[in-house]
Amino acid sequence: MKQKPTLTFWQIWNMSFGFLGIQFGFALQNSNVSRIFETLGAKVDDIPILWVAAPLTGLIVQPIIGYLSDRTWNFLGRRRPFFLGGAIMASICLFIMPNSPALWVAAGMLWLMDASINISMEPFRAFVGDNLPSHQRTSGFAMQSFFIGTGAVVASSLPYVFTNWFGVSNQAAEGIIPDSVKWSFYIGGLIYLAAVIWTVFSSKEYSPEELASFSESHESSDASTGADKQISPTISLRTGSILLIIGILLNVWFWLEALPKELYLFSYGTMLVGILFLLVGLMKKSNLSSSGFVTIMDDLLNMPSSMKQLSVVQFFSWFGLFAMWIYMTSAVTSHIYHSTDTTTKIYNDGADWVSLCMGVYNGVAALVAFGLPVLAGRTSRKVAHMICLVLGGLGLVSVYFITDPHYLLVSMIGVGVAWASILSVPYAMLAGSLPPHKMGYYMGVFNFFIVIPQIVAAALLGFLVKSFFGDEPIYAVMLGGGSMILAGIMCLRVTDVDDYMGIKTR
């Protein structure tokens, strides 16, 4: 059996370049969609509900696309058909979104755009695992981090650039999206499609037969301990019944107003998971165990042990990030600028400074990405990730002690280091523990532990700030920092299969 060939720097560059386009789509969405919603008449209280499309879409789409891409092979390859199809659909959505005539159209376009971006993004993670030998995967995912950081900085700045450099108006009549936003989405759509096309036609993929011939047999050793086992129908039915009952009770308490409204998602989520378990149990009782749905659920419940360990790390890492994204503006404006009145100049000065800080941490991530393989090579991937997460957590905690807003830039350096690592190192460790024929599916499932903390943060943090933190959002940011530090400590428990096999990673 042969080894996967080592790729050159420019081959890794080409296969990762499409992520620049994907990040253009995400950054434009994250920076401007709330603005579009408000322009079209959405109330501030309605925006979180309109935004729930993003995490839920990723939760559903990514594992399905991963499962399908594992079983695809045509003239474009295995993953590339999904890159291209998702890019075409996302680019169309980017052109339509800023021309939405009504709020319901914009909300629908967000669903379609997020689904399309996820169709492009998920196979890219598996693409690196497919094409790179184990010792180069840290470099491969670090290259993706570089393009993510670069794309985020540039795309988020486009409305400002069009207004201040090219004189495009950032104001419009009521209910009309400003031209600066429209042109940002148009350019973003073109860059998205062009970047993905570059990767599609400048990179190649190994056929299923070639992948099977490579000798990285250790990749499946961790997965084989559980991924091919099946959960008994009795356990599925029992688990489903318990979860469904718990969900119903939570729902009853919610309607009796005994459960805080911020936690309503838990009641419906528990009921949904219970129903899924019941469906699996009933299908197995009916001898339908070979169906695709049952197979997917069995694989989900029997994740490789390294993936389970990494999933916990991901959960607490992303919980910390979402705490920052949700509350950084209100924390800085109230705690450092001492203003909560959105109509005042001092409040808006603080909000503008936070936007700059967000750009700084993305820029830091783009630069740090190239140093991660060096740090991982001199220590190990899990130690490198631990160091980065702790620096990010300390950066968030330090916001509480800052009185001069300029020092926030120092805090954002720590966050940027953590962000670069979060986007690359866990995926590099994960790829080594997955069976090649299930790489896409498990990469999609791994996205659960980005989406679930987002939902938990949205549901839980508001309740905590209101009930325990005295309406002081700075404590939510500090909690996010503590969560990130905890993730770093827990990373030391992860079994990195490549490290265990003595493979030097870079």
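The values are calculated or read from the model by the stated rules, or taken from the named source; none is laboratory data. Bear in mind that the values here come from a model prediction, so they are computed numbers and not experimental data. Note: ideal-geometry Cβ built from the backbone for every residue, glycine included; neighbour counts use all protein chains shown.
Worth pointing out:
- Residue check, residue 460 modelled with pLDDT of 85 or more, over 20 Å from residue 309 (Cα atoms) and under 21 Å from the mean Cα position of the chain (by Cα): no
- Filter result (of a type outside the set (Gly, Ala, Ser) and touching a strand residue (DSSP E or B) at 6+ places or on another chain (Cβ under 9 Å)) within the range 175-209: 200, 204, 205, 206
- Of the listed requirements (1) of a type in the set (A, V, I, L, M); (2) farther than 25 Å from residue 13 by Cα; (3) crowded, with 21+ Cβ neighbours inside 10 Å; (4) modelled with pLDDT under 85, residue 172 misses just one: (3).
- Test: residue in the range 495-505 that is under 22 Å from residue 358 (Cβ atoms) and in a loop (DSSP other than H, G, I, E, B): no
- Test set (1) more than 24 Å from residue 97 (Cβ to Cβ); (2) buried (at least 18 other Cβ atoms within 10 Å of the Cβ); (3) at pLDDT below 90 - residue 203 fails condition number: (3)
- Matching option when the condition is under 29 Å from residue 423 (Cβ atoms) and at pLDDT below 80, among 336, 296: 296
- Per the conditions (1) crowded, with 24+ Cβ neighbours inside 10 Å; (2) out of contact with any Gly (no Cβ under 7 Å at 6 or more places or on another chain); (3) over 17 Å from residue 7 (Cβ atoms), the sole criterion not satisfied by residue 90 is (2).
Condition check ((1) over 22 Å from residue 38 (Cβ atoms); (2) of a type in the set (Ser, Thr, Tyr); (3) without any contact (Cβ under 8 Å) to a residue 60 or more places away in the chain) across all residues:
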| site | (1), (2), (3) |
| --- | --- |
| 159 | no, no, no |
| 168 | no, no, yes |
| 171 | no, no, yes |
| 184 | no, yes, no |
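- Under the condition of being modelled with pLDDT of 75 or more, β-branched (Val, Ile, Thr) and under 19 Å from the mean Cα position of the chain (by Cα), the residues counted in the range 29-59 number 1.
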